[in-house]
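Shown next, in structure tokens, is the structure this report addresses.
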Ligand code: TYC
């Protein structure tokens, strides 16, 4: 430990752990138009047209694609925002989250 050799009764331990990051994952489906997936990725995740196209095509071909990583609150709110945006247009597009590692 980094506190070996120091007097821990007078020197409080400094907590330096960073919050765990969470992945936002885009899931493929058979109904949402490709152009709409790209639009959502650009609007919610601030991607360029090129980045958004690459992520959309990866999900389309492989079934899923990691979009980005954030702290848990941000990952969950972005996944909900993106999924709800699709729902307002009647599309089944889904974004999920999972902790990294
Ligand atoms: N598979 C959809 C289609 O062929 C397009 C699509 C791509 C949907 C990626 C969701 O995450 C997705 N219209």
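The values are calculated or read from the model by the stated rules, or taken from the named source; none is laboratory data. Worth saying up front: this structure is predicted, and the values here are computed from it rather than measured. FYI the Cβ positions are ideal-geometry reconstructions off the backbone, even for glycines, and counts take in every protein chain you see.
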Region 24-36 residues that are more than 19 Å from residue 46 (Cα to Cα), paired with ones that are outside any loop (DSSP other than H, G, I, E, B) and more than 7 Å from the ligand (Cβ to nearest atom) (beta carbon under 8 Å, 6 or more apart): 28/62; 28/64; 29/94; 32/86
Options 25, 14: the member that is out of contact with any helix residue (DSSP H, G or I) (no Cβ under 7 Å at 6 or more places or on another chain) and either part of a helix (DSSP H, G or I) or modelled with pLDDT of 95 or more (or both): 25
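Just one of 44, 38 is more than 12 Å from the chain's Cα centre (by Cα) and over 21 Å from residue 101 (Cβ atoms); which is it? I'd like the intermediate steps shown before the answer.
Values: 44 fails: more than 12 Å from the chain's Cα centre (by Cα).
The conditions single out 38.
Take the residues of region 76-92 that are in contact with a strand residue (DSSP E or B) (Cβ under 7 Å, 6 or more places away or on another chain) and closer than 11 Å to residue 44 by Cα: which is farthest from the ligand (Cβ to nearest atom)?
To start, the set of residues in region 76-92 that are in contact with a strand residue (DSSP E or B) (Cβ under 7 Å, 6 or more places away or on another chain) comprises 76, 78-79, 82-83.
With the extra rule that they be closer than 11 Å to residue 44 by Cα, the set shrinks to 78-79, 82-83.
Numbers: 78: 15, 79: 13, 82: 10, 83: 11 Å.
This residue is 78.
Considering each residue of region 36-54, count those that are within 14 Å of residue 93 (Cα to Cα) and touching a strand residue (DSSP E or B) at 6+ places or on another chain (Cβ under 9 Å), and give that number.
Residues in region 36-54 being within 14 Å of residue 93 (Cα to Cα) and touching a strand residue (DSSP E or B) at 6+ places or on another chain (Cβ under 9 Å): 4 in total.
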